[in-house]
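Here is the structure we will look at.
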Amino acid sequence: MADSDRPLERARALAAAGRRDEALAMVLPLSQAGDPDAALALSSLRRSAGDEAAAFDSLREFVANPACRQRMVEMLLGERRNAEALRVLDHGGSMTGCAGHVAAAIKAHLAGDFRTALSEARLASELEPGNAVAHNHAARALHNLGRSVEARSALERAVALDPDYAEAWHNLGHVLRAMGQAHAAIDAFRRALEIAPGYRSARLNLAITLFEIQHADEALATFEQLLADGRADAEALVGSGLCLHLLGQATQARDRYLQALRLVPQHPAAWYYLGSVLNELGDVAGAHDALQRALAINPRDADAWAELAEVHELSNRLDEAQQAVAAGLAIAPDHPQLNIEAAKLLRRQHDPRGAELRLRALDARRMQPRVRQQFLYELGTVLDRLGRFEDAWQAFVQANTLASQSVRARAIEPGRWLRGVEALSAWLDRGAPGIEASEDGGADQGQDLCFLVGFPRSGTTLLDTILGAHPAITLLEEKPTLVPVIQALQRHPDGYPDALASLEENQRDELRRYYREALARHGATAGTLVVDKLPLRIIHLGLVQALFPRARVLLSLRHPCDVVLSNFMQQFAVNEAFVNFYSLADSVRMYDAVFGLWERLRPRLRLPIMEVRYEELVDSPERVAAAALGFLGLDWDPGLLETSRRTSGRERITTNSYHQVAEPIYRHSVGRWLHYRSHFTLHLPVLRPHVERLGYGQV
C-alpha cells in the first residue's frame, strides 16, 4: 500500500504542510479506536499546538503500551514532575530490553546514582544504537557526573536521531549553558519550544539564560509568557522579579517576590532576592528580615550572607557586617562579593593594604559584570588610599566603563538630563518669566523651608548630618519632593519652566500643596524647620522662588576639580543625572552645565542664600555649622558634631558619603585632584573659570 493511502502517514503529511486541524481530525478517531500509534501522533499534534495537557491526556489510556508510556515519562521528567514519572514508569510492570535499561537508568538517576544511570543508559544504546532516548539519558547522567563535553556529544546524537525530541533539545540547552555557551543554549531551548510551545520548563530556562546574558527585556517577556495564563508559578514570579530589578524597577520587583512567597513561603531564593531589592529601596529592617529568613531556610547560602553583610555595612553597623562576612567565608572562602565586603571593612578599619591583598586574591575575569563593577570601584578606592594614584585611576576607568554598559545605564539617554538644564537656560534667556512670587500674607511663603543644594560630593551629606541632629530640624535626604510640582508643570501646554509665566495665584497654591503633600509623605514633622536636601536641585531654585519666596538656601561648594573627580570615582545608583559621571570629560561637562546655569540664575534670585564651603567645613566644622544654624535662626549646640549623635536615629544614610559621616571629620579629600592632575590637563580650560569665579585661586 502506498504511503499516501495510510491514514497516519497522510496525517503527518498534512501536519508538515501546516494543516494541523485536518491532521487532528484524521488521527483522533483512530486513537479513539485504540490505536497507540495514532495516540502518539495525536499527542504530537496537540503538543505542537502548545497544549501540553491535552498532549499528555492523549496517551493516558495507552500507558500499557511501552512507546506511549515512555513518551509520558519523558514529558513528566521534562517538567520535573519526577514522582509522577516514576509512577507511570512502574505502571504495567517491568520492561525488558532497551526500554528496560532506559527505565532503570531513569530510576537510578532520580535516586542520585548517576554512575548506575550512565551504565544502564549505555546498555540500552548498545542494544539499540539508534534509540534517541537512551542517548538522552546517558547525557543526563554524564552531565551530573561533571562530564559535560561527553554529555553534549550524547545529546547532539539524540537530536540527530530524533530532531523532534523536545526534551533532548531542552537538556542540550542545560549542558551548553553550564559550559558557558549561553547563546547556543538559547538556540537549543528555542528549538525545544518550536516543537512544544507549551513546554514550561524549556521556556523557564530560556528566560533564565536570557537574563544571565543581561537581555533583561527579552527575559522578562519570556517570564511573562509563563504567567500570562494565570498560573501560579513561583519560579516565573521570581525570575520576572529579577528582570524588573535589573531594569531598575525595584518596587515592581519587590511585589513579584512577595507574590512568589505567598505561593511558596519557604522559597529561599525569593527571600534572598527580596532582601536584595529591599536593601536597594532603603528598607533596612525589611532587607535584614528577608535575608535572615533566607538563611534560616538555607544557612549555607553564601550570596545571602554577602547581601546581609552589605546591609550592615551600608548602615554603618560594622560589627554585624564583620560577623556576616565571617559566616559566609566559612562556607565559601572564594566568594567574590564576600571578599569585596571583607575588603571594604578592612579599608574602613584603616587597613588599605590588607584590603588590597584581599581583592588581589580574586579573579575579576570570572565575576559577573555587576560584581566586577563593585570590585573595581573598591579596588580604585583602596589604591587611592595607598597613594597609588595611576593604578587607582585605571581601576575607576574600568569600573565606569562597565557601569556605562549595564542594562540600567543603557536604558537611559545621557543627554536627557542636560536637555533639562538647556530648557532652564533658554527660560533665563527669555527673562525667566514667572520667577517672582507674590508676597501677600495669604500665600504659603515657605518660611519654614531650607533647600540644601550644590553639586553631588560637595559636602552636603556632612552638613546635613550635623544640621539633622538639631531637634528643631526635620532633615529630608534626597527625596523627590519637587517631582510632583515639576510633573504638574510639564503637563501644562507651555511645559516646564515656561508655564510659570502664566500661572494664576490659585494655580501656584495648588503647586505649593503638591509640595507640602510630598513633604508629609516623606516624613516632615509639623512645627519644625524642614531642610530639604538634594544637591542638583540647585537648577530648580527659580521654581523654588516662584512658589516659596521666603525659603532659605544653603549652597554647598567645593573646589570644582575635587568635586568633579569625586563624582567620577563613585559607584552611583543609575539615574538620568548620574549616568553623566562615567568619564571625566562627561563629569566636567555636567559640572560646567550646572554651574554655568547657576551663575546666570543667581542674579535673578532674591532668596536668602548662604554659601558653605566644604574645605572650611572640614577645617572648622563648629564655626561653619554654627554659622549655618545662625542663618536658619537656630542656636548652636556643640554636641551636634559628635559622630554618634549625627548618625543616631538614622537607619541609613542613603548617599555615597554614608561611611564618611560615621567617622570623625577629616580633610584628606581636600586637594585630591592634584594627584590626578595629568588627567585634568584637557579639561582645565573648562573648569578654570569656575575655579576662579568661586574664589579657589589659580589652577
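So which of 386, 424 is touching a residue at least 60 places away in the same chain (Cβ under 8 Å), over 20 Å from residue 307 (Cα atoms) and over 18 Å from the mean Cα position of the chain (by Cα)?
424
Give 319, 303 a once-over and let me know the one that is among the charged types (D, E, K, R) and either in contact (Cβ under 8 Å) with a residue 24 or more places away in the chain or under 20 Å from residue 276 (Cβ atoms) (or both).
On inspection, the qualifying residue turns out to be 303.
Would a scan of region 562-573 turn up a residue that is among the charged types (D, E, K, R), buried (at least 23 other Cβ atoms within 10 Å of the Cβ), touching a Lys or Arg at 6+ places or on another chain (Cβ under 8 Å) and in contact (Cβ under 8 Å) with a residue 40 or more places away in the chain?
For region 562-573, residues among the charged types (D, E, K, R), buried (at least 23 other Cβ atoms within 10 Å of the Cβ), touching a Lys or Arg at 6+ places or on another chain (Cβ under 8 Å) and in contact (Cβ under 8 Å) with a residue 40 or more places away in the chain: absent.
Which condition from (1) within 23 Å of residue 571 (Cβ to Cβ); (2) touching a Gly at 6+ places or on another chain (Cβ under 9 Å); (3) modelled with pLDDT of 60 or more is the one that residue 690 breaks?
With respect to (1) within 23 Å of residue 571 (Cβ to Cβ); (2) touching a Gly at 6+ places or on another chain (Cβ under 9 Å); (3) modelled with pLDDT of 60 or more, residue 690 is out only on (1).
Tally the residues that are surrounded by 16 or more Cβ atoms within 10 Å (Cβ to Cβ) and either assigned to a helix (DSSP H, G or I) or touching a His at 6+ places or on another chain (Cβ under 8 Å) (or both), restricting the search to region 219-237.
Count: 11.
Yes or no, residue by residue, for (1) of a type in the set (A, V, I, L, M, F, W, C); (2) at pLDDT below 95; (3) loosely packed, with under 15 Cβ neighbours inside 10 Å; (4) under 30 Å from residue 282 (Cβ atoms):
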position: 488; (1), (2), (3), (4): yes, no, no, yes
position: 498; (1), (2), (3), (4): no, no, no, no
position: 504; (1), (2), (3), (4): no, yes, yes, no
position: 524; (1), (2), (3), (4): yes, yes, no, yes
position: 532; (1), (2), (3), (4): no, no, no, yes
position: 535; (1), (2), (3), (4): no, no, no, yes
position: 548; (1), (2), (3), (4): yes, no, no, yes
position: 553; (1), (2), (3), (4): yes, no, no, yes
position: 556; (1), (2), (3), (4): no, no, no, yes
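Among the residues of region 56-82, write down those that are modelled with pLDDT of 95 or more and small (Gly, Ala, Ser).
The one that is modelled with pLDDT of 95 or more and small (Gly, Ala, Ser): 78.
In region 18-59, which residues are small (Gly, Ala, Ser), closer than 17 Å to residue 196 by Cα, surrounded by fewer than 16 Cβ atoms within 10 Å (Cβ to Cβ) and not assigned by TED's automatic domain parsing to the domain that holds residue 77?
18
Out of the residues in region 63-91 meeting the condition of being closer than 18 Å to residue 108 by Cα and out of contact with any helix residue (DSSP H, G or I) (no Cβ under 8 Å at 6 or more places or on another chain), tell me which one is surrounded by the most Cβ atoms within 10 Å (Cβ to Cβ).
If we take residues in region 63-91 being closer than 18 Å to residue 108 by Cα and out of contact with any helix residue (DSSP H, G or I) (no Cβ under 8 Å at 6 or more places or on another chain), then 81 is surrounded by the most Cβ atoms within 10 Å (Cβ to Cβ).
Which ones in region 535-575 are over 21 Å from residue 692 (Cβ atoms), in a loop (DSSP other than H, G, I, E, B) and not charged (D, E, K, R)?
Across region 535-575, the qualifying residues are 548, 549, 551, 569, 570, 571, 572, 573, 574, 575.
Being among the small types (Gly, Ala, Ser) and either buried (at least 19 other Cβ atoms within 10 Å of the Cβ) or touching a strand residue (DSSP E or B) at 6+ places or on another chain (Cβ under 8 Å) (or both): is that true of residue 518 here? Outline the logic, then answer.
Details: among the small types (Gly, Ala, Ser): yes; either buried (at least 19 other Cβ atoms within 10 Å of the Cβ) or touching a strand residue (DSSP E or B) at 6+ places or on another chain (Cβ under 8 Å) (or both): yes.
So residue 518 fits the description; yes.
Against the condition outside any loop (DSSP other than H, G, I, E, B), aliphatic (A, V, I, L, M), within 24 Å of residue 634 (Cβ to Cβ) and at pLDDT 95 or above, how does residue 452 come out, does it pass?
Yes; evaluated as a whole, the condition is true for this residue.
Could you check region 66-164 for helices (runs of 4 or more DSSP H) lying wholly inside it with 1 or more residues that are charged (D, E, K, R), in the same structural domain as residue 54 (by TED's automatic domain parsing) and over 44 Å from the mean Cα position of the chain (by Cα)? Step through it out loud before you land on a result.
Working: elements: 66-78, 82-90, 97-110, 114-127, 132-144, 148-161.
Answer list for region 66-164: 66-78, 82-90, 114-127.
So in region 239-289, with the set limited to residues that are in a helix (DSSP H, G or I) and of a type in the set (Asp, Glu), which one is modelled with the lowest pLDDT?
Just the residues of region 239-289 that are in a helix (DSSP H, G or I), to begin with: 239-246, 250-263, 268-280, 284-289.
Add one more test, that the residue is of a type in the set (Asp, Glu), and what stays is 255, 280, 289.
On the way: 255: 97, 280: 93, 289: 98.
Ranking the qualifying residues of region 239-289, first place goes to 280.
Name the residues in region 249-271 that are more than 12 Å from the chain's Cα centre (by Cα) and surrounded by fewer than 24 Cβ atoms within 10 Å (Cβ to Cβ), would you?
255, 258, 259, 261, 262, 263, 264, 265, 266, 267, 268, 269 - these are the residues of region 249-271 that are more than 12 Å from the chain's Cα centre (by Cα) and surrounded by fewer than 24 Cβ atoms within 10 Å (Cβ to Cβ).
Within region 397-410, identify whether any single residue is more than 28 Å from residue 588 (Cβ to Cβ) and among the small types (Gly, Ala, Ser), and answer yes or no.
No, because not a single residue in region 397-410 is more than 28 Å from residue 588 (Cβ to Cβ) and among the small types (Gly, Ala, Ser).
Can you tell which of 306, 326 is in a helix (DSSP H, G or I), surrounded by fewer than 21 Cβ atoms within 10 Å (Cβ to Cβ) and modelled with pLDDT of 95 or more?
326
The values are calculated or read from the model by the stated rules, or taken from the named source; none is laboratory data. Just so we're clear, the structure is a prediction, and the values are computed from it rather than from any experiment. For neighbour counting, all protein chains shown are included, and Cβ atoms are generated from backbone atoms with ideal geometry for every residue, glycine included.
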